[in-house]
Amino acid sequence: MEKGSWKVKTGLAQMLKGGVIMDVVTAEQAKIAEDAGACAVMALERVPADIRATGGVARMADPSIISSMMEAVSIPVMAKCRIGHFVEAQVLEALGVDFIDESEVLTPADESHHVWKHDFKVPFVCGCRDLGEALRRIAEGAAMIRTKGEAGTGNIVEAVRHMRAVQDGIRRLQSLPAEELAAEAKALGAPLELVLEVHNTGKLPVVNFAAGGIATPADAALMMQLGAEGVFVGSGIFKSSDPPVRAQTIVKATTHYQDPSIIAEVSKGLGEPMRGLDIRAIPDEELLATRGW
Amino acid sequence: MRIGVLAIQGDFVEHIAMLSQLGVNALAIRLPSQLAELDGLIIPGGESTTMSRLMEDYNLTSPIKELVCQGLPILGTCAGLVLLAKKVTNSVNGSLGIMDIEVERNAFGRQADSFETDLPIPILGDHPFHGVFIRAPLIREVESAVEILCQLSNGAIVAAKQNNCLACSFHPELTDDSRFHEYFLNLTKEGAFAKRNH
């Protein structure tokens with residue numbers, strides 16, 4: 001019997017596909033998310049919009065909050081650690097969370113190195129802005145990838161940019177002749193072995209979700225049509241005027257992402273979405289997506 | 001042959017890929033209208049809570065239950081097993097409730113306890129079947145009408161069959177071994193499933 005293998009780590013990500021993973025800050029919110037059909041919840045102390053508003057150093061959530069969420073719901077519970085903070089990751093693994101997000105939403109602990117995720121039995125998900133970044137994280141042991149988007153903005157533009165960049169990168173690798181792949185691996189800053197795999201299969205070796213800016217059912221369906229295998233919704237649900245309804249409708253739009261009539265139906269009378277931010281109005285040093293490399 | 005794969009959430013793409021590789025016409029099922037003229041249905045792995053909620057919201061639960069009661073062959077893997085069970089010990093959710101089994105969700109624990117192991121499954125031959133268990137459920141009790149297909153070395157039941165229903169705790173769709181799917185397809189083809197009495 002083998003526990004914590006690559007197969008069971010990437011396998012859990014496969015089970016989450018087609019689903020919505022929701023940011024929650026209390027056990028009560030976790031329950032609302034589960035009842036609305038979330039396939040997992042992400043335990044946080046503050047949603048990204050609040051992290052953005054309050055500033056300061058954002059860290060791993062209090063273990064007591066995470067434990068209370070694990071007791072409250074039966075769906076998988078994820079939690080975030082800071083980039084490179086392998087002790088926060090060890091703590092989260094000791095708590096028994098089902099997935100760790102080494103996340104740019106928290107303040108990085110290491111500006112040069114990410115966690116060596118192969119050392120852990122618990123699977124990790126990491127953010128990326130393009131194919132090279134995705135493959136670097138997978139090489140370090142990420143069992144799941146999500147495009148970064150720009151968390152806490154309610155603005156889908158960065159999520160779209162990053163998903164298109166990943167998909168363009170994959171199409172480009174497929175089209176290259178074999179003798180050009182080593183140079184391309186160098187240009188991407190990614191291991192040749194993974195570059196060859198993407199060239200041969202035409203897809204990432206792990207599941208890829210979209211994140212960062214999804215606020216409406218149509219946003220979720222847009223990311224699915226662009227090639228996401230599921231979505232993370234952070235501030236978009238609990239910063240809206242009616243979280244349970246918004247959560248349910250985003251779940252429905254994610255399942256029925258190819259059916260505009262259903263997306264139209266669930267989008268009716270949803271109330272106020274979270275207030276969005278124009279990315280161009282955010283100073284460069286406050287952008288989250290540029291954290292990590 | 002047309003086999004539907006419930007495509008609400010979970011690893012339905014992996015089931016569809018396995019079926020396509022076996023030369024079967026596999027269809028993603030998201031709405032009741034897509035259930036017509038199927039020769040079999042697969043409920044994939046995923047989150048059973050999410051699946052049962054969306055099945056209810058889109059009026060899939062009753063039609064599927066009706067079709068299976070009329071004899072439509074059905075295979076449930078992991079979450080699919082949970083949905084097929086008449087009794088689920090640690091869940092508040094409604095499910096299809098077709099098989100006379102009692103299932104415990106996440107019976108091995110959380111993700112840290114997910115595992116892989118080789119399984120003896122006599123109906124698939126002498127060669128062991130590689131079982132991938134992810135936050136897997138277990139069959140705690142079976143009624144006499146249920147045939148046990150596989151047990152772990154500690155006696156825990158991880159695969160069972162009752163009339164036209166086949167279910168397992170593990171994920172044959174995450175392996176390269178197509179024997180479990182072929183077993184399901186053969187039973188479907190040969191009409192070997194007995195029609196249910198009610």
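Rounded to the nearest 100, the interface formed by chains A and B buries 3100 square angstrom of accessible surface, both chains summed, with a 1.4 Å probe.
A convex hull fitted to the Cα coordinates of the stretch A:155-200 yields 67 cubic angstrom per residue.
Residues in the stretch B:29-40 carry Karplus couplings, in order, of 10, 10, 9, x, 4, 7, 7, 5, 6, 8, 9, x Hz; the curve used is 6.51 cos²θ - 1.76 cosθ + 1.60 with θ = phi - 60°, and Gly or Pro positions show x. Of interest is the spacing of the C-alpha centroids, which for the stretch A:231-286 and the stretch B:36-82 amounts to 28 Å.
Taken about its Cα centre, chain B carries a charge dipole of about 480 debye when Lys and Arg each add +1 at the Cβ and Asp and Glu each add -1 at the Cβ.
Rounded to the nearest whole angstrom, the semi-axes of the ellipsoid equivalent to the protein assembly as shown, taken from the Cα gyration tensor as √(5λ), stand at 36, 25, 22, largest first. Only helices enter this figure: runs of n ≥ 4 DSSP H residues, each worth -39500 (n - 2.57), summed and divided by the residues of chain A, yield -13000 deg cm²/dmol at 222 nm to the nearest 500. Between the alpha-carbon centres of the stretch A:185-227 and the stretch A:23-92 there is a gap of 24 Å. Full extension of the segment from residue B:142 to residue B:186, taken as 0.36 nm per residue of separation minus the current Cα-Cα distance, would add 13.4 nm. Per residue of B:42-51, other chain Cβ atoms within 10 Å of the residue Cβ number 6 on average. Excluding ligands, DNA and RNA, the accessible surface per residue across the stretch A:24-157 is 31 Å² with a 1.4 Å probe.
Label-to-label distance for residue A:57 and residue B:37 is 6.5 nm, based on points extended 7 Å past Cα in the beta-carbon direction. Remark: the protein assembly as shown carries a charge dipole of roughly 600 debye about the Cα centre, counting +1 on each Lys and Arg Cβ and -1 on each Asp and Glu Cβ. Taking every DSSP beta bridge that has both ends in the protein assembly as shown, the antiparallel portion is near 30%. Helix content alone sets the calculated 222 nm mean residue ellipticity of chain B: runs of n ≥ 4 DSSP H residues at -39500 (n - 2.57) each, divided across all residues, give -7000 deg cm²/dmol.
For chain B, the relative contact order is 19 percent, taking Cα pairs closer than 8 Å that sit 6 or more residues apart in sequence and dividing their mean separation by the residue count. Solvent exposure of chain B amounts to 38 Å² per residue of accessible area, where only protein heavy atoms count and the probe is 1.4 Å.
Just list whichever of A:80/B:65; A:9/A:31; A:117/A:252; A:3/B:189; A:9/A:186; A:186/A:239 have alpha carbons separated by over 31 Å in the model shown. Correct reply: A:80/B:65; A:117/A:252; A:3/B:189; A:186/A:239. Over the stretch B:2-197, the hull volume per residue, using the convex hull of the C-alpha atoms, is 108 Å³. Exposure here means at most 14 other Cβ atoms within 10 Å; with GluC sites (Glu not before Pro) in a DSSP loop as sites, the longest stretch of chain B lacking them is B:38-142. Per the 1.4 Å probe, what fraction of the accessible area of the stretch B:2-197, in percent, lies on carbon and sulfur atoms? Ligands and nucleic acids excluded, carbon and sulfur reach 46 percent. Could you grab the Rg to Rh ratio for chain A? Cα atoms only, Kirkwood for Rh. That ratio is 0.95, to two decimals. The loop-placed trypsin sites (Lys or Arg not before Pro) in the stretch A:146-225, going by DSSP, that have at most 15 neighbouring Cβ atoms within 10 Å of their Cβ come out as A:203.
For all pairs of alpha-carbon atoms in the stretch A:184-270, what percent lies in each bin of width 5 Å, listed from the first bin to the last filled one? Per 5 Å bin, starting at 0, the Cα pair percentages come out as 3, 14, 21, 17, 13, 9, 8, 8, 5, 2. Over chain A, Cα pairs under 8 Å with separation of 6+ residues give a relative contact order of 20 percent. Across the stretch A:1-48, Cα pairs under 8 Å and at least six residues apart give a relative contact order of 37 percent.
Taking every residue in A:255-265 and counting other chain Cβ atoms within 10 Å of its Cβ, the average works out to 2.
Ranked by solvent-accessible area (1.4 Å probe, protein heavy atoms only, all chains present), the residues A:229, A:45, A:193 order from largest to smallest as A:193, A:45, A:229. In the context of the full protein assembly, residue A:3 retains an accessible surface of approximately 80 Å², using a probe radius of 1.4 Å and ignoring ligands and nucleic acids. Take each residue in B:114-120, count the other chain C-beta atoms within 10 Å of its C-beta, and the mean is 5. Look at the dipole of chain B built from charges on Cβ: of B:178, B:157, B:35, the Cα furthest out on the positive end belongs to B:35. Say a paramagnetic label sat at a point 7 Å from the Cα of residue B:151, along Cα to Cβ; which residues of the stretch B:116-142 have their backbone N under 16 Å from it? Once the point is set 7 Å along Cα→Cβ of residue B:151, B:119-123, B:138-142 turn out to lie under 16 Å by backbone N, inside the stretch B:116-142.
The values are calculated or read from the model by the stated rules, or taken from the named source; none is laboratory data. Nothing here was measured: the structure is a model prediction, and the numbers come from that model. Glycine also receives a Cβ, built like all others from the backbone with ideal geometry; neighbour counts cover every protein chain displayed. Just the protein is used for accessible areas: all its heavy atoms, side chains included, with ligands, DNA and RNA removed. Shrake-Rupley method; radii C 1.70, N 1.55, O 1.52, S 1.80 Å.
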